[in-house]
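Here is the structure we will look at, set down as structure tokens.
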């Protein structure tokens with residue numbers, strides 16, 4: 001676990017939310033990456049940090065939401081969590097110039113209860129989670145997240161843990177792979193795609209992300225002019241399965257009642273309907289008072305500046321008195 005102290009708000013500029021430095025040994029092939037914080041103002045307004053409050057940024061990334069919360073309330077304290085060790089390294093480096101209010105933890109956000117126990121913290125005043133994949137993860141070919149750059153078929157958010165996407169493909173039978181593609185990608189041609197992928201694997205033609213895309217295109221044909229790339233849904237589905245993203249989210253939502261104080265707020269930014277459904281269902285349960293009857297979405301200006309924000313949805317809810325003990 002890495003920790004650092006944060007105390008000087010306003011030190012860091014808003015222009016670059018995530019920058020990989022050339023001197024990071026682990027990513028020497030990456031020159032410069034940026035990640036814009038999604039719905040920054042809306043998250044801060046929902047959490048409304050107070051002096052002396054303790055908050056969790058469950059998806060620290062580059063620290064954009066953390067910085068926003070600490071700039072809003074200089075006397076708040078943050079615990080930042082991320083499963084990606086490169087994200088932890090980048091955020092730690094970026095936030096190093098400031099002191100005294102931030103603890104950075106390399107961990108899955110589903111383990112938030114355990115991580116708080118380790119830190120001796122019973123409950124926090126709020127939690128924010130920005131789900132999905134960051135721009136650096138997508139742009140780094142070595143992560144294998146994108147079909148636009150050739151790299152290993154990996155897709156792990158934590159490259160040091162769990163099976164790779166290729167290992168998942170090797171392990172699953174045709175029908176099981178098709179089910180993954182359909183369930184997590186809403187891809188109606190999942191059976192055809194799964195057979196094509198397994199055929200490429202058997203022929204020794206599945207080594208890189210571009211090989212995987214070729215297998216998908218062979219099954220469904222190339223993209224139509226102006227249309228979505230035919231590999232989009234399949235890559236999303238396999239990535240979700242590799243990282244157990246929905247399982248992790250279910251576990252996080254299940255323990256929120258045990259970690260947030262009465263009157264505290266949880267704010268969750270999701271990027272596809274499966275995630276949003278999990279969050280919506282959790283906040284509809286006893287013990288939560290929804291602050292957003294319908295999910296908030298980014299303004300037109302933000303979407304123009306950051307096209308990847310277009311699918312974002314923010315739901316926020318306040319912990320109610322009736323079940324502050326987390327019994328639901």
task: Taking the Cβ of each residue in 84, 175, 93 as the centre, tally the other Cβ atoms inside 10 Å and list the residues starting with the fewest.
output: 175, 93, 84
- prompt: Once the Cα atoms of helix 273-283 and of the chain are each reduced to a long axis, what angle between those two axes, in degrees from 0 to 90 to the nearest 10, is obtained?
  reply: 30 degrees
statement: Cα-based Rg then Dmax for segment 141-203, in Å, read 12.0, 33
- prompt: Helix 245-259 versus the longest principal axis of the chain: what is the Cα-based angle in degrees, 0 to 90, to the nearest 10?
  reply: 10 degrees
query: In deg cm²/dmol and to the nearest 500, what is the mean residue ellipticity at 222 nm of the chain if only DSSP H runs of at least 4 residues count, each as -39500 (n - 2.57), divided by the residue total?
result: -11500 deg cm²/dmol
field: Residue with peak Gaussian network fluctuation, the chain [Cα springs, cutoff 10 Å], from 124, 133, 104
entry: 133
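Which value in Å is the Kirkwood Rh of segment 77-159 over different Cα pairs?
By the Kirkwood definition, the hydrodynamic radius is 14.4 Å.
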message: Only counting other Cβ atoms within 10 Å, I'd like 114, 65 sorted with the fewest neighbours first.
response: 114, 65
Ordering of 194-207, 263-276 by packing [mean C-beta count within 10 Å, highest first]: 263-276, 194-207
FRET efficiency estimate (nearest 0.05) - Cβ-Cβ, residue 113 to residue 164, R0 25 angstrom: 0.30
- prompt: Relative to the longest principal axis of the chain, what angle (0 to 90°, nearest 10) does the C-alpha long axis of helix 174-185 take?
  reply: 40 degrees
Taking N as its residue count, the alpha carbon Rg of segment 158-242 over 2.2 N^0.38 Å: 1.02
task: Please compute the Cα-Cα pair-distance distribution of the chain with 20 Å bins starting at 0, giving whole percents from short to long.
output: 31, 57, 12, 0
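Taken together, the values in this text are just the output of simple stated rules run on the coordinates, not laboratory data. None of these values were measured; they are calculated from a predicted model. Please note: Cβ atoms are built from the backbone with ideal geometry, for glycine as well, and neighbour counts cover all protein chains shown.
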